[in-house]
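Contents: one structure, followed by commentary.
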Amino acid sequence: MLKKLLKKSIFALFPVLAFCYMIFVFGPTEVFFVNHSEFEFIFKEFFGLMVTVCLIVTLIFTFLLALLPEKIMRILCAVISAVDVAGYIQVMFLNKNLDLLGQNPDGYKADPHASVTGLIVWLALIALMVVVAIVPRNTSVHKIIPGIPAFLLAIQLVAIVSLITGGEETCFERDPGEWYMSGEKQMMVSEGDNVMVFILDYFSNTYIDTMLAEYPGALDYLHDFTYYDNDECVYMGTIPSIAHMLSGSEVDASQPMDEWFHDIWFTEKASKFFETVHSHDYEINVYTPDGKILRGNNDVRILEGMFDNLTNQGQEPVIDKKLMISTMSKCSSYRFAPEILKPMFYTGYEEYVNIVKYKNTNREHTLFDFYDRMMRDGVTVDPDSRHNLCAIQHLNGAHSWDVGADCRQKDNATLAETCMGNMTLMEEYLNQLKAIDKYDDSTIIITSDHGSDEEPQVIFFIKYPGETHDQMQVNHAPISHCELLPTIVQAVGGDSSYFGPRIDEIPEDEPRARSYYWHTEDMAYPKVMNIFTGSQAYMNVYYRFDYTGDFDDLRESIASGPDEIIPMYDSDN
């Protein structure tokens, strides 16, 4: 009996081990090395854990299969073996332009044609292996069932050695003196004057109507604010939009992105902006989860002297091992799965960005994390503040539909719930400012870096010091993110004339020409490289749409096609 159980275990071992190896070890390792700049953890912090999970799952399922009647075990092993082969083919040949670390709040949309093709391949392989399994038991053809997975396992063992030996130094060692943006004072304001800019990622102004239809009083707390309902984001995407917002530099698509990221902070406009704000005794702190949206692959120290929360002190990582295992396994399964099942395993940015946090210095980005920290620690006056404060808070906004109306984490939330969660967070923040007597004398801006591809106009609310109304004011002026810098300069008490018009200097009835740049894929133009992964990028052009008027005019411009197609030198996605 024991001998038979051992023989069956050996038969089942290779199909199960090959599957677990691909899902828990090889897949995550390949995802890590290709995208290591996107992860805060290093190789040794995840590899051993993934190997351990792989071995435990393999042993459990191998033992369970061995307990089954032989014929049933052989058929199930044949199915697993077929899945091993199909998954290998999927990764090597069927995945095209797969966005591993996605930014789409709607998740992954399976391509119908690719779904059918993939399903045929998967089902054909499973059927073939099942036929092999049910032929007479003494036929040597049964050896194919464990033999093919063993062969795939050997190939990928060699491949993983190549991945590891070819990895960059930063994959293996964390610089103990690494410079970073500290989040230590993210919940603090100055005893002096404050200018606070909240950038709620991916919040189109059209989402307001969706939210108000379900939550009619959602904006009542903004009664002291003015809402500019005709705000152009200029650039689609967090990159390059936030860098454009804070530097004032237009994108030069013919230039390598890393060069652009470097050069924009040393232009006359950027230098004069930071010099002006600092000269009025303001610190400038920026809170974003990934400094790469401001610097690309450049060293974060290019931002030194501009943003004041840069430091190389006190960074002690805390790794959520459970989240790391689940997220990396999910990323791997996303690659491995047939097209039709990929939406089940789509991994949003908010998942992997939370794997590593830092004691006392973490920058909260997801809404529920920011809200929880705010409710726990409170918004307080910095006891050590010696300057006024200009704080840029980049939060996840409506990018991921993962919060309920109460701003608590909720899977599969609706757009209306997510938008209401944003408003719940902002209302609580403003209430806490009032409680510490820092609301009335603060300039507060609530905006977004971009909306969706075809609904790119964004929210823009502003309250100046001492401003009060019985109800929120609405202004239809055709503004854009180009007016953010001069508006901030005015708020700190500087002369904004050098930087162009402020939002309050643009008449509502001005027939102002504006342009929207949508980065996308155009098959008529050459593919370009992804600056973060070194692999082929998805986006390769900007579509420029010109319009005069409001969102309806922009919608018409988009429908009629781009006014110019601008090829990109390289891309971030």
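Since every read-out is calculated from the coordinates, none of them should be taken as a lab result. These numbers were taken from a predicted model, which means no experiment stands behind them. Neighbour counts are summed over all protein chains in view; Cβ atoms, including those assigned to glycine, are modelled from backbone coordinates with ideal geometry.
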**OP:** Find the centroid of the Cα atoms in the range 373-443 and in the range 49-65, then give the distance between the two in whole Å.
**Re:** 43
Subject >> Between the range 537-573 and the range 474-490, the alpha-carbon center distance in angstrom >> reply: 22
Subject >> the chain: relative contact order as a whole-number percent, Cα under 8 Å and 6+ apart >> reply: 22
Original post:
Residue by residue through the range 420-425, which ³J(HN,Hα) values in whole Hz follow from phi under the Karplus form 6.51 cos²θ - 1.76 cosθ + 1.60 (θ = phi - 60°), with glycine and proline marked x?
Top reply: 5, x, 4, 5, 4, 4
Original post:
Which of the listed residues, F545, M236, W265, is farthest toward the dipole's positive end in the chain, when Lys, Arg count +1 and Asp, Glu count -1 at the beta-carbon?
Top reply: M236
Subject >> Ordering of 80-88, 191-199, 553-561, 34-42 by packing [mean C-beta count within 10 Å, highest first] >> reply: 80-88, 191-199, 34-42, 553-561
**OP:** Search the structure for amide H atoms under 5 Å from the amide H of V381, placed 1.01 Å from N in the peptide plane, and list their residues when 5 or more places away or on another chain.
**Re:** V189
Original post:
What percent do you get for the relative contact order of the range 2-171 when only Cα pairs under 8 Å and 6+ apart count?
Top reply: 38
Subject >> Ellipticity estimate at 222 nm from DSSP helix runs (n ≥ 4, -39,500 (n - 2.57)) divided over the chain, nearest 500 >> reply: -12500 deg cm²/dmol
**OP:** Could you tell me what % of all Cα pairs in the range 2-171 have separations over 24 Å?
**Re:** 45
Subject >> Calculated FRET value between L157 and E268, using beta carbons and R₀ = 56 Å, to 0.05 >> reply: 0.50
Original post:
Which of the residue pairs K357/K438; K322/K463; K269/K359 have a Cα-Cα distance greater than 31 Å in the structure shown?
Top reply: K322/K463; K269/K359
**OP:** Just report the Cα centroid separation between the range 322-349 and the range 220-294, whole Å.
**Re:** 33
Subject >> Å³ per residue enclosed by the Cα convex hull of the chain >> reply: 165
